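Taking it in order: structure first as C-alpha cells, then the write-up.
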Amino acid sequence: MCLFPCNKRSSTVLKVYVPKLLSLFAILVLGFGSIKRLNLALQATSGGDYTTHKKAIYDLVAGKNPYEWTLTSYANLENDPTNKGYAYFPGILYVNTFLYVFSVICTLILKLDFNWCSPFFLLHLPGILANLGVGIFLWWYLSKKDRLAALFAVTAWMFNFYLVLKNSLAGFDSVPILFLLLALYHLEEDDVLTGLFFALSVLFKTFAVITFPLFLFRSKKPLKFLTAGFITAFAFSLPFMTNFQDFWTYIQGALLVHGDRFVQGRPFLYYISYYYSVELFRIIPFGFYSLGSIFSGWILITANKLLQFVNNFCKEGKVKNLTGRLHIKNKFSIASLPFLSFYLLTPVLNRTYLLWGFPIFLIGVLRDSTLKSEDSPFKGVSKLLLRQLIDNPTKEDFDVLSPPRTVPFNNWKFYLVTVLYWISCYWYLAQWKDGFHIWHPI
C-alpha cells in the first residue's frame, strides 16, 4: 500500500527533481563553506607561517636568495623552532609575492582601506579558492556515479575536521591537493597535462612525491610525463639558477633541509610511544621513519603492479580456475596507499597533513564500495588461497567462499568509512588542545 501516488508519472518526477535538488544542496554546501572561510580570512591579523612567508617575499623582491635564511634557521631549529625559513619549492612564494605586492599597491598607492586589500586576507585567498576547487571536483567527478554520495563527500570536505575543530584556515594545503587531483584525473589520458599538474603539486608542497611510481606505471608514455614535469619545474626554478651556489642553496632549502627534521607535531607512532610506553623511535633509527614514510608508499604501489602481472598471468590460463582480480585497479584507490603508509610512519605530522589524502580517500572509497564482487581483489586473493586448500576446487566451492553478485555493493561502506575517518581525525586533532604537542629531538 502506497501513502503517496506510485504511478509512472510520480516516478518520473522523482527522477527529474531529486538530482536537481541534490545539485542545489551541493551548491549551498560549497557556497556556505567558502563564505565561512572568507569570513575567517577577513578576520585574520596574524598566525600560521605569515612571518616566514613575509620574510621570503622581502628577500625575493630585494633580489636575495630566500633559501639562505632557510638553511640558517633550520640549523638552529632545535633552539628556536618557531623562527624557521621558507622551506618549500617556490610555487607558494611566487603567488604570495604577487599578492603581497598587489596589497601594497592597493593600500599605500591607491589608498584603499578595505579588508580584502589586507595581506592577511590575500595570502589566504589561493587556499580558499583551491579548497572550493577541490569541492567542485569531488562533486563533478563523483556525481557521475552517485549524487547523494557526491553530496556527502563534498560536505565532508568543505566542513572537514580541521575547519570544524580549529575554526581556522589550513593555509595553502588545498592548492597542491587540487593539482594532485587534476594530475590523477588526467593520468592515462594526457601525459602532458598529468606531468604539468603533478609538477605544480610538488612545486607548491612536496607531499605528492609519495605517489610518483603510480604516475610512471600508469602514464601512456612515461618519458612524455617526465618531460612535461621537468619543463614545468625548470621554468619555476629559473630565478635560482643564475649560478651553482644559488641553485645548490635552493635545492638544500626547498628539499634537502627536511632530511634533518626531528619529531614534530603528533606522529602516530610517537603517540603510541607517549601514551602506551611502547618505545619505537629509540629502537629503530630515526632515518628509517623519515625515509620509510616516503618510500613505503613506492613499495606498496610497486607491489600492486606486481600483483597486476600475476593477475594477467592467471588470466592467460596459466592458473586454472582462478578468476577475479588480485590487485587494486582504480588509480585513486592506489594513490590512497602511500598516504596511509605516510601517516603511519612519518615522524613529522602537523594538523593539516591529515587533509592531504582526504579527497583521494573519498574518491577511492566510493569507487571500491560500488565494485561488483567479481571485480574485487579480495575475491581473487580468496580464490588463490582456496586452491592451496582444495585440489581442483569447483565453482560451488568458490561461491561458498565468496558468493557471486550481479549488482554493485550498497554505498553504505562509503558512508561508514568516510564518517569513521572524519571522526578519527577530529578526535586525534582535538588532543592537541589537551597540550600534547611534540617538537623536540629524540
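Give 116, 157 a once-over and let me know the one that is within 24 Å of residue 23 (Cα to Cα) and either crowded, with 22+ Cβ neighbours inside 10 Å or of a type outside the set (Val, Ile, Thr) (or both).
157
From the list 277, 293, exactly one residue is among the polar types (S, T, N, Q) and modelled with pLDDT under 85. Which is it?
Going through 277, 293 in turn, the sole match is 277.
Among the residues of the stretch 317-332, are any at pLDDT below 85 and part of a helix (DSSP H, G or I)?
yes
Look through 163, 214 and report the one residue that is part of a helix (DSSP H, G or I), closer than 22 Å to residue 26 by Cβ, touching a residue at least 60 places away in the same chain (Cβ under 8 Å) and not β-branched (Val, Ile, Thr).
Unique residue meeting the criteria: 163.
Could you look through the stretch 405-435, keep only residues that are at pLDDT below 90 and of a type in the set (Gly, Ala, Ser), and pick out the one that is surrounded by the fewest Cβ atoms within 10 Å (Cβ to Cβ)?
435
Hey, can you tell me all the residues within the stretch 188-206 that are in a loop (DSSP other than H, G, I, E, B) and either closer than 16 Å to residue 89 by Cβ or without any contact (Cβ under 8 Å) to a residue 60 or more places away in the chain (or both)?
If the condition is that a residue be in a loop (DSSP other than H, G, I, E, B) and either closer than 16 Å to residue 89 by Cβ or without any contact (Cβ under 8 Å) to a residue 60 or more places away in the chain (or both), then 189, 190, 205 are the ones that fit.
Give the number of residues within the stretch 38-91 that are surrounded by 13 or more Cβ atoms within 10 Å (Cβ to Cβ), among the hydrophobic types (A, V, I, L, M, F, W, C) and at pLDDT below 85.
Matching residues across the stretch 38-91 total 2.
Which numbered condition in (1) assigned to a helix (DSSP H, G or I); (2) in contact with a helix residue (DSSP H, G or I) (Cβ under 8 Å, 6 or more places away or on another chain) is the only one that residue 170 fails?
(1)
Quick check on this structure: which one of 201, 118, 143 is polar (S, T, N, Q), over 26 Å from residue 25 (Cβ atoms) and in contact with a Ser or Thr (Cβ under 8 Å, 6 or more places away or on another chain)?
Criteria check complete, one pass: 118.
I need every pair where a residue in the stretch 93-106 that is within 11 Å of residue 54 (Cβ to Cβ) has its Cβ under 8 Å from the Cβ of a residue that is of a type in the set (Lys, Arg), sequence separation at least 6 or different chains.
100/54
The values are calculated or read from the model by the stated rules, or taken from the named source; none is laboratory data. Quick caveat: nothing in here was measured; it's all calculated off a predicted structure. Heads up, the Cβs are rebuilt from the backbone with ideal geometry, glycines too, and the neighbour counts pull from every protein chain shown.
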